[in-house]
Amino acid sequence: EDGKKTFEQVVIPLKEGGVEFPLVRFSYFDILTEKYVTLTRGPFQLEIDPQDPGQGFRAVEFQEGTGGVVHEDLGRDLVFIKERPGRWVRIRNGGFGGLGFYLLIFLYLNLWGAAVGYLLYRRKRTEAPGLFRRSRAFQEALRALKGVEPSDPRTFYDDLTRVLREYLEARFALSPGQVEVERILDMLGAARHSDGTAERLQDLWGTAERVRFAGEDVSLEKMVADREAARTLITTMERKGV
């Protein structure tokens with residue numbers, strides 16, 4: 001206000017009698033001289049009288065013009081950064097940034113990803129069991145076909161039809177016992193699947209029925225060919241998204 005700035009400082013004496021109030025300094029930048037200037041006041045001699053009984057707190061102010069000189073320190077009192085910091089020393093931060101730290105982060109991310117994947121897996125199995133079963137049917141059928149070895153015709157075709165039946169049950173969301181050739185052929189649709197899928201399924205099922213009930217003798221080459229036909233049938237249905 002009016003080119004002046006006032007600072008107030010509360011001073012509480014701790015004893016009675018003569019007390020010297022230390023020198024007070026204030027530094028500022030003089031925009032007229034373009035230099036840092038330091039003003040000093042004091043020291044001040046104070047005489048502390050004992051407080052009268054019942055008297056409350058009373059502030060004592062200095063009057064303007066009670067001495068003081070202008071002292072210029074070239075701004076040295078405003079320098080807080082060392083001009084010569086010396087030799088830089090790296091501070092150890094407890095392993096952060098080291099190889100062990102990054103390995104720990106990598107391990108944590110892998111564990112977190114595995115936990116999330118497992119939760120999603122469980123959720124998929126719980127909320128959409130049919131979709132989960134259908135998504136795994138193709139790979140499970142291919143693995144099962146590898147275990148169907150041509151040997152005794154009746155055993156071979158029992159295993160072959162079992163693999164096909166389990167795949168079709170999962171693929172079309174059918175209950176056990178609902179897989180019938182006529183029903184599957186209707187689902188495939190002759191007009192939509194003119195690539196021989198329906199004929200291949202009908203031929204495999206017909207051969208299996210003749211071996212099971214009529215005791216038809218089937219050669220080893222025929223069994224190998226039918227196993228490959230079953231693999232082709234499953235792969236075609238999966239590729240076409242039946």
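Structural remarks
- Taking the number of Cβ atoms within 10 Å of each Cβ as an exposure proxy, the fewest-first ranking of 38, 197, 33 is 33, 38, 197.
- Backbone HN-Hα couplings from phi across region 222-230 [Karplus 6.51/-1.76/1.60, Hz, Gly and Pro as x]: 5, 5, 5, 5, 5, 5, 5, 5, 5
- Taking each residue as 0.36 nm, the span from residue 28 to residue 222 lengthens on full extension beyond its C-alpha to C-alpha distance by 59.4 nm.
- Packing-based exposure ordering (other Cβ within 10 Å, fewest first) of 122, 200, 227: 122, 200, 227
- Packing-based ranking, highest mean first, of 10-17, 138-145 given that Cβ atoms within 10 Å are counted: 138-145, 10-17
- Placed amide H near residue 48: partners under 5 Å, 5+ positions off or other chain: 17, 18, 19
- With R₀ set to 30 Å, the beta-carbon distance separating residue 155 from residue 118 gives a calculated FRET efficiency near 0.20.
- Spin-label pair residue 166/residue 51, simplified geometry with 7 Å Cα→Cβ offset, distance in nm: 9.5 nm
Bear in mind these aren't lab numbers, they're just calculated from the coordinates by the rules spelled out. The shown structure was predicted, so the numbers you read here are calculated from the model rather than taken from an experiment. Backbone-built Cβ (ideal geometry, glycine too); neighbour counts: all protein chains shown.
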